[in-house]
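The values are calculated or read from the model by the stated rules, or taken from the named source; none is laboratory data. Keep in mind that this is a model prediction, so the values were computed, not measured. A quick note on method: Cβ atoms are made from the backbone with ideal geometry, for glycine too, and the neighbour counts reach across all protein chains shown.
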Amino acid sequence: MPGVTLAFLQKGPEVIRYLTAGESHGPQLTAIIEGFPAGLEISDELINHDLVRRQGGYGRGGRMQIEKDAIEILSGVRWGTTLGSPITLCLRNRDWANWQEKMSPLKGKRDDSIRVTHPRPGHADLPGTIKYNQRDVRNILERSSARETAVRVAVGAVAKSLLAVFGIAVRGFVTEIGEICAVRTGDITTTDLYALASRSELYTFDRDAEVRMKEYIDKARAGGDTVGGVIEVIVSGVPAGLGSHVQWDRKLDARIALAVMSIQAIKGVEIGIGFESARKPGSLVHDEIYHDRTRLDRGEMTTFFRRTNNAGGLEGGITNGEEIVVRAAMKPIPTLYKPLKSVDIDSKEQFEATVERSDVCAVPAASVVAEAAIAVEIANSFIEKFGGDSISEMRRNYDGYLAYLKEF
């Protein structure tokens with residue numbers, strides 16, 4: 001039955017689907033999202049709050065002084081509530097006013113004298129021009145630019161809105177800039193960590209480390225260099241049972257890793273203690289399981305719990321009821337004001353790489369983008385698990401599952 005086989009092959013684990021479109025200096029960035037239930041309240045203020053956070057952070061460059069991102073919701077929402085139909089989000093690029101000729105879609109506006117032919121090391125410039133047979137690096141760098149993450153943050157804010165209805169929070173912060181690490185003091189909660197980070201220019205919770213991080217960034221700026229760092233995202237309030245072990249592409253940890261690795265400049269992802277687990281014996285890695293029925297009296301979802309969370313809330317591709325903990329390493333931005341050596345793609349002569357307007361440090365912004373990427377995957381697994389064409393139907397399904405968890 002080839003028709004059945006084809007239908008099976010086309011069906012994936014995704015319930016939420018979205019595409020983004022647009023160039024860094026084009027007229028706008030657009031996302032079309034499908035899969036959210038009807039009846040979900042969507043606030044443009046909430047979306048714009050995350051967009052402002054993405055544009056902030058110590059070490060940002062001149063582009064952030066031009067763009068003041070504000071979302072436009074063009075479809076799928078009426079009077080602040082989703083309809084169940086595709087949602088269209090739009091972000092206008094203010095800088096488009098200065099690029100209408102250079103980025104015009106019209107053939108008559110072509111001007112080969114402004115071609116970019118010096119690819120930057122560490123960017124998609126050279127592999128992209130080779131892959132797509134382009135003779136102008138701008139045809140690659142415009143789409144590969146991290147400007148695209150702005151509209152992804154907007155998509156993530158919609159996902160956060162769904163998760164918040166069910167008491168799930170996705171919160172990120174910066175734990176390292178270069179060689180400087182933020183240190184947790186005492187048994188601090190995730191809520192307190194995020195509260196501290198929200199008052200920091202570097203979105204970190206350690207004030208002493210923040211001072212040294214700023215000095216590190218200032219030194220890099222003075223030398224025409226850039227810096228990277230490590231971000232951490234914690235998801236709280238997640239029930240056990242999201243994701244699946246039955247197929248490789250249904251494992252929630254795999255989907256989270258893919259989503260985070262898709263963010264520009266991210267070069268490594270770990271869940272829980274990650275790479276550290278390879279350096280320890282199993283007795284110091286695996287989280288022992290305990291049982292206490294009095295947890296239900298304190299409002300907990302299940303009677304099972306762990307005293308450690310080395311697994312980062314995921315075992316076998318499935319949530320185990322503990323907080324999901326994800327860390328990612330961001331490399332320094334490849335656009336340097338003291339450019340590295342490159343080769344002209346036409347003459348093959350050695351040149352210094354092209355300098356585009358850029359940041360010295362965008363690690364704080366990356367923490368907001370990672371929140372968005374992870375929120376979409378958590379929301380996707382949540383909808384997959386509990387279904388429903390409306391929020392009220394999903395709520396009934398979820399409440400029934402919570403009752404089941406309490407009795408398991």
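Overview of values
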read-out: Failed criterion for Ala370 (all others in (1) in a helix (DSSP H, G or I); (2) in contact (Cβ under 8 Å) with a residue 12 or more places away in the chain; (3) among the aliphatic types (A, V, I, L, M); (4) surrounded by fewer than 17 Cβ atoms within 10 Å (Cβ to Cβ) hold); value: (4)
read-out: Candidates Gly312, Gly321 - the one that is more than 27 Å from Glu176 (Cβ to Cβ), part of a loop (DSSP other than H, G, I, E, B), touching a strand residue (DSSP E or B) at 6+ places or on another chain (Cβ under 7 Å) and not aliphatic (A, V, I, L, M); value: Gly321
read-out: Residue that is modelled with the lowest pLDDT [pool: residues in the stretch 185-219 that are surrounded by fewer than 20 Cβ atoms within 10 Å (Cβ to Cβ) and of a type in the set (A, V, I, L, M, F, W, C)]; value: Ile188
read-out: Residue within the stretch 344-363 that is of a type in the set (A, V, I, L, M), within 14 Å of the chain's Cα centre (by Cα), under 27 Å from Ala197 (Cβ atoms) and surrounded by 15 or more Cβ atoms within 10 Å (Cβ to Cβ) present; value: yes
read-out: Failed item in (1) free of Cβ contacts under 8 Å to residues at least 40 places away in the same chain; (2) part of a strand (DSSP E or B), with Gly268 passing the rest; value: (1)
read-out: Single condition Ala329 does not satisfy, out of (1) closer than 14 Å to Val235 by Cα; (2) under 19 Å from the mean Cα position of the chain (by Cα); value: (1)
read-out: In the stretch 43-83, the residues that are modelled with pLDDT under 95 and polar (S, T, N, Q); value: Ser43, Gln55, Gln65
read-out: Residue list for the stretch 144-184, filter: more than 17 Å from the chain's Cα centre (by Cα), surrounded by fewer than 20 Cβ atoms within 10 Å (Cβ to Cβ) and outside any helix (DSSP H, G or I); value: Phe166, Gly167, Gly178, Glu179, Cys181, Val183, Arg184
read-out: Unique match (being of a type in the set (Lys, Arg), without any contact (Cβ under 8 Å) to a residue 60 or more places away in the chain and more than 28 Å from Ile217 (Cβ to Cβ)) among Lys109, Lys68, Lys102; value: Lys109
read-out: Considering residues of the stretch 229-256 that are outside any loop (DSSP other than H, G, I, E, B), touching a residue at least 24 places away in the same chain (Cβ under 8 Å) and out of contact with any Gly (no Cβ under 8 Å at 6 or more places or on another chain) only, the residue nearest to Arg307 (Cα to Cα); value: Ser236
read-out: Residue count, the stretch 189-216 (criterion: farther than 21 Å from Pro332 by Cα and touching an Asp or Glu at 6+ places or on another chain (Cβ under 7 Å)); value: 1
read-out: Answer from Asn380, Asn397 - the residue that is in a helix (DSSP H, G or I), over 25 Å from the mean Cα position of the chain (by Cα) and either among the polar types (S, T, N, Q) or buried (at least 18 other Cβ atoms within 10 Å of the Cβ) (or both); value: Asn397
read-out: Of all residues in the stretch 271-306 being closer than 26 Å to Asp399 by Cα, in a loop (DSSP other than H, G, I, E, B) and free of Cβ contacts under 8 Å to residues at least 40 places away in the same chain, the one that is farthest from the chain's Cα centre (by Cα); value: Asp292
